[in-house]
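The next block holds one structure in the form of structure tokens; read it before the comments.
The values are calculated or read from the model by the stated rules, or taken from the named source; none is laboratory data. Everything numeric here is computed off the predicted structure, so don't read it as measured data. Please note: Cβ atoms are built from the backbone with ideal geometry, for glycine as well, and neighbour counts cover all protein chains shown. Please note that ligands, DNA and RNA were not included when accessible areas were found on the heavy atoms of the full protein model with its side chains. Shrake-Rupley method; radii C 1.70, N 1.55, O 1.52, S 1.80 Å.
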Amino acid sequence: MTTLPERYPDILADHHDPALVCVVADLDRMREIATAAIVPPRRDAAIRQALYARESPPAPYRRALPFRQRLATLAAALLVTLIGVGGYQRLGGPTSVSAQTVLRRAAAVHLAPTQAVHLVYSVTVTNGAPIAAIGTADAWLQAGAGGAPTRSAQTLIVGSTSLSGRYVQIGAHVYAYNPMHHAILVSPEARATPSWLVPSDLFNGANLARDLRVLAERSPGQVRVGPRQTLAGRTVDVITVDGWMNRPAQRTTFYFDARTYALRGFDAVSADPSYPTASWEARLSSEDTVAASAVPANTFMLHAPATARVVPPLPDLGAFARACRSAVDIRVLLASESPSLLSVCRITAPRMTETGLATALDASGEAALATAAATGQITAAQAVSARAALRARVSLLVQS
Amino acid sequence: MPRVAGALPLPSGDSPRDDVDLVRAAQIDSTAFVALYERYRDRVYWYLLTRTDTAEDADDLLQLVFLKALDALTHYRVEKGPFPAWLFGIARNTAATFHARRPPTVAWDLVPEILLPVDEHDLEARLLRQEDLSRLRQLFGSLDAPKRELLVLRFVSGLTIAEIAGVIGKSEAATKKQLMRTLHRLKEHYHDYTP
């Protein structure tokens, strides 16, 4: 907290009149009262959106050069023209910015409040077979009142299968269905566990860019920017990522629209001939923005078969430290031949019971299953079955 | 979330160098303009609240001001004056156009009482705050519109005297003189209002 003379040095530095200080103090209080007013969040989000959506980005600022310098520049340009320097036209081509800049812009892309966008990508998968598998990735993203995406749904259909993967996110809850394993993953691991080569929510370009930014900061050599290209008539910024998603041999190249920073597509190929993987190519084929009220009913439902198995969520390992008031790293504990979790917990929380510790560890998983069942993403029977599996796993964890 | 009183970024808190960098970045890439919006949003909003009859009008004008600023950003030259002066000049002109058919006003009833940072259960604090507010309103209301605007730009929007000079189109020396004259006038009347 600064003092009054520090806040108003231009007024009080040369004045030591107590009456003037009183006036300034009262006016300073006026500031405190005025600054209680805040821009309504909805309006704030709308203004940000309007600024981002401004159609014509301003041209690069050019400082006016002094006359003599302008004359010299003109002469130089004339000389270049006269001698016909080869490759001159390439100087006017598009230039790329850094990977972090591209990703920062892509991460900032968001919808207007209560708006939704429907994206359809054409997908081609080549796996050494003479004929590539062709399909589509259908994605819906819907923003909440603040403009941030609060719901998304993605359906992947490739080749002869009727469904290759389905992913739904509602707020903090995420669900994924993998038909190959006939299994449903419930948050929080569903987002991080790819049902194919890339994360389940890949087509939420802003989320993807945020993840890549983190990776670029941690491991700059893995994320590189390439020269700008034209992709289906659009200028795109190119970001290449090596070894993404813990696949060392994989090289994934993302194409972000150079104007809107929407994800216009990606390629995923094996960069190591000794470790071949399927090659993927995805290209944005249509993009429709609609009001949230126009989104078809049940768009954000998982639509997984009632016979699918729900993989029990992972226990909340962080709950061990909270419940036991223990500084012991539970992951180290689980990997060692140490006494049971309950025994270790009782060192710092002597009254902890087996049930109490188990409840702490499976609370978040049970809550996620309850939410999934209550919102119709899974059936009640699936929830009961998954809850039993979760409790058995946690019980084993606590006793062993 | 209620704003913490005293958290206003005052002139000395903002680096002109940062402004220059942000402006240049936004002149090359318009998406970078949001950083300038975030920096000046509140200060412009508080100013506009004093220039409009309703908060809704201030909301509308806020959007208009920043869109105008974004559109005109390529014409802004750092050497012609500080960015806040240029931005508040746009805000001032926008508010003036908004009021073109009305008499110019600089209101002080800018904050609904419900927003005031007062513990409703503390009756004494509430009464004292209301008393302070009443005195401030009287002091403020005794001035003509240009002087009130001068005080709003300095004390509410937190502009420096040099920046205010850029907004109102006068020299820094003349602006400081006018501000000090206004403060001394308030000082003379201060005892009339003080219990």
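Answer yes or no as to whether B:TYR40 is modelled with pLDDT of 85 or more, facing another protein chain (nearest Cβ under 10 Å) and open to solvent by less than 60 Å² (accessible area, probe 1.4 Å). Taking the combined requirement at face value, the residue does not satisfy it.
Of all residues in the stretch B:66-93, those that are among the β-branched types (Val, Ile, Thr) and modelled with pLDDT of 85 or more total 1. With respect to (1) at pLDDT below 90; (2) not in a helix (DSSP H, G or I), the lone exception for A:LEU342 is condition (2).
Of all the numbered requirements in (1) touching a Lys or Arg at 6+ places or on another chain (Cβ under 8 Å); (2) modelled with pLDDT under 75, A:VAL23 misses one, and that requirement is (2).
For the stretch A:290-328, the candidate set comprises residues that are open to solvent by 70 Å² or more (accessible area, probe 1.4 Å) and part of a helix (DSSP H, G or I); within that set, the residue that is nearest to A:ILE378 (Cα to Cα) is A:SER293.
Every condition in (1) farther than 23 Å from A:GLY171 by Cβ; (2) in contact (Cβ under 8 Å) with a residue 12 or more places away in the chain holds for A:THR355 except the one numbered (2). Taking each residue of the stretch A:254-271 that is over 19 Å from A:SER122 (Cα atoms) and looking for partners that are of a type in the set (S, T, N, Q) with beta-carbon atoms closer than 8 Å, six or more apart or interchain, yields A:ALA258/A:THR235; A:ARG259/A:THR235; A:SER270/A:GLN250; A:SER270/A:THR277; A:SER270/A:SER279; A:ALA271/A:GLN250.
Of all residues in the stretch A:309-323, those that are touching a residue at least 40 places away in the same chain (Cβ under 8 Å) and under 18 Å from A:ALA370 (Cβ atoms) have Cβ atoms under 7 Å from Cβ atoms of residues that are part of a strand (DSSP E or B) and open to solvent by 20 Å² or more (accessible area, probe 1.4 Å), 6 or more apart or on another chain, in A:VAL311/A:LEU185. Just so you know, in the stretch B:73-89 the residues that are hydrophobic (A, V, I, L, M, F, W, C) and open to solvent by 30 Å² or more (accessible area, probe 1.4 Å) include one that is farthest from B:SER157 (Cα to Cα), and it is B:VAL78.
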